[in-house]
Structure formats: C-alpha cells, structure tokens
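Derivation of every value follows stated rules applied to the coordinates shown; laboratory data play no part. Predicted model, so just to flag it, every value in this text is computed and none were measured. Every residue, glycine as well, gets a Cβ built from its backbone with ideal geometry; the counts of neighbours run over all protein chains shown.
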C-alpha cells in the first residue's frame with residue numbers, strides 16, 4: 001500500500017462523462033491526492049481544461065487513451081467511470097500491478113455472476129475480482145472498504161433506496177414482501193451518452209415532462225435486493241420503478257415499506273437516528289421536515305426521513321441525494337478516504353449548492 005505520508009497518485013478512467021467530470025471537480029481540490037492521469041478514447045490528446053472549461057487552470061493534464069498498463073504506472077488508485085461491462089477488462093491489470101481500484105460502473109456491484117447474464121446480457125469475465133470486490137456504501141460496509149483493493153461504488157438509485165430503507169430492514173421492522181420503491185432521477189443519471197443519446201434525454205423531451213422507464217426491469221433492482229437481503233439475512237424482492245424528471249442532477253426516492261408492528265413516526269425516526277448515529281453524510285430530518293433534492297445538490301449528503309402510515313401499517317421512507325454525489329462520484333471519494341484512513345469529509349467539506 002502506498003505510504004500515507006505522501007500524496008496518493010490518482011487517475012480517472014473514462015473521464016469524459018458526467019460522472020468523470022464530477023470526480024475531477026472533487027479530486028482537483030482533494031488535499032491528500034495528486035491527479036496524475038485522465039483517460040478518454042474520444043478526447044485523447046485534448047487538454048482537460050478545453051473539454052471542461054469549469055476546470056480550466058486547475059490542471060495541465062491531457063486526456064490519454066484507455067491503457068490499463070499506463071494507468072497502473074501513473075497511479076496508486078484508479079477511479080473507473082467507464083460504461084458497464086468495460087471496467088472488468090481493465091481492473092485485472094491494475095490489481096496485478098498492485099494498484100487499487102474504485103469502480104463507478106455496475107461491473108463489480110453484484111455478487112452473483114449469474115446476475116450479469118440476467119441483467120446485463122453478458123457473462124462476467126473477471127470472476128476473481130468480482131469475488132473480492134467490496135460494495136462501496138460506507139454506511140453499511142465501512143470495515144470491509146478500508147483494506148479493500150477493489151471497491152464497487154453503488155448505483156445512484158440503489159444508494160437512495162438502500163439508505164432510505166436500511167434502518168427498518170436491519171431492525172426487523174420491515175416485512176420483506178411488498179416493498180415498493182419509486183425513484184426519480186435527473187437527466188445526468190443516464191451519463192453523457194456520447195453520440196448514442198436516447199431521445200428521451202433531449203431537452204424538448206425531458207423538459208416539463210416526467211417519464212417512467214425500464215418498468216419492472218431496471219438493472220439496479222438486483223443491487224437493491226442484494227443489499228437489503230444482506231441486511232435482513234433473508235431474500236428480499238422489491239417492486240422498483242425509476243422515473244426521469246427535468247433536473248440536471250438530483251435523485252429522490254420514496255419507498256413504501258410494510259411493517260411487522262404498528263409504530264409511530266416518532267418511534268421510526270428514533271430507529272433511523274440510532275442506525276445513522278455518527279454518519280458524516282446522512283442527515284435524518286426531524287418530524288415534519290421533508291427531504292428535497294435542492295438541499296443536497298453538489299454534495300455527498302443523503303437527507304432522509306420516515307413517516308408512519310397507521311391506516312395501511314406501512315412506513316413511507318423518503319431520501320434525497322445528488323445522483324452524481326452520494327449516488328456516484330462523491331461517494332467514490334468517501335470510499336477513497338475510508339481506504340486510506342483519512343477523515344471521511346476530506347475533500348468533501350463544501351456544503352450543498354444553493355439555489
């Protein structure tokens with residue numbers, strides 16, 4: 001492992017998308033690291049500041065083509081913000097060369113390799129890496145993330161859904177059948193998409209419009225079920241429906257959870273406060289307060305609350321995150337901090353952006 005007394009060399013593979021750009025914004029001011037490499041086959045040779053004018057003057061790096069051997073030579077840790085099923089081609093090289101990887105794609109999130117055939121229509125080609133990867137949600141897996149060589153940062157929808165419901169599932173207060181999850185994401189959740197943009201993400205289609213998509217078949221479903229099932233110690237099946245809303249960034253989750261006992265809102269909130277006690281980025285709101293995406297944009301925060309519905313004996317669980325923040329890049333930086341024993345707020349101290 002690299003010495004902690006020096007700056008850690010960090011590279012970002014796949015830095016030309018929204019998630020990569022957010023990573024670069026955060027890493028460019030992180031006091032414990034030095035940014036040593038960025039890759040994009042599409043932008044190879046182009047100065048970083050030209051592709052991203054908001055980062056102009058912060059670095060003189062140029063994009064390099066995606067070469068795992070080169071990445072292993074210039075970095076101690078590589079963030080991978082590549083399309084799904086691409087990271088698994090690069091990670092074995094990085095690990096063989098002694099590097100550590102933080103993957104922001106889906107390639108190492110699912111423990112069962114058969115799930116990749118089912119949900120991603122392709123077999124996984126790095127089974128040793130998949131077996132060793134740690135799911136990168138610090139609120140659940142902090143101890144395992146610390147020594148890990150490969151961390152799989154959660155998808156945005158699972159991050160919002162799991163954080164919204166985990167306290168009830170862990171406490172045995174949730175019935176494991178009948179959990180219904182509704183997620184609403186800003187358009188950056190789909191990535192920059194290059195030349196293959198889906199018409200639903202065009203301004204004229206997304207603006208002043210709300211759309212459900214991938215109904216009863218979104219790829220984040222098994223990820224949510226995996227993590228909630230691990231908390232419950234038993235299989236969990238959820239009904240999950242994602243929606244596209246006309247926001248640049250932000251993700252809002254509402255989960256309806258059947259309860260095993262009749263509880264008040266005050267008691268449910270006590271369960272949440274106990275579960276998230278000491279967590280630096282989860283803010284459990286007081287009774288009567290409601291999460292909003294505007295209150296978390298540009299940050300790694302998750303605002304969460306829960307309300308009892310005695311008429312149906314359900315809990316309504318609500319969370320708000322930034323899909324590029326706690327739903328991706330910022331959570332990845334939190335994982336980096338955990339891996340090297342730094343304070344988890346390091347490089348993430350800035351409050352959310354308002355308005």
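Summary table
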{"read-out": "Neighbour-count order for 16, 87, fewest beta carbons within 10 angstrom listed first", "value": "16, 87"}
{"read-out": "Equivalent ellipsoid dimensions for the range 94-146 as semi-axes, Å, which come from the Cα gyration tensor, largest first", "value": "20, 15, 9"}
{"read-out": "Taking the range 157-321 and dividing mean pair separation by its residue count, relative contact order in percent (alpha carbons under 8 Å, at least six apart)", "value": "31 percent"}
{"read-out": "Ellipsoid semi-axes in whole angstrom, largest first, where each is sqrt(5λ) of the Cα gyration tensor of the range 157-321", "value": "28, 18, 14"}
{"read-out": "Fewest-first ranking of 27, 127, using other Cβ atoms within 10 Å as the exposure measure", "value": "127, 27"}
{"read-out": "C-alpha long axis of helix 18-27 to longest principal axis of the chain, angle in °", "value": "80 degrees"}
{"read-out": "Separation between Cα centres of the range 91-106 and the range 269-298, rounded to whole Å", "value": "33 Å"}
{"read-out": "Cβ-based exposure ranking for 19, 339, in which fewest neighbours within 10 Å come first", "value": "339, 19"}
{"read-out": "C-alpha center-to-center spacing [the range 22-40, the range 218-234] in angstrom", "value": "31 Å"}
{"read-out": "Helix 156-170 axis, angle to the chain major axis (alpha carbon atoms, nearest 10°)", "value": "40 degrees"}
{"read-out": "Length-normalised contact order of the chain in % [C-alpha pairs under 8 Å, at least 6 apart]", "value": "17 percent"}
{"read-out": "Between helix 329-339 and the chain: long-axis angle, C-alpha atoms, 0 to 90°, nearest 10", "value": "80 degrees"}
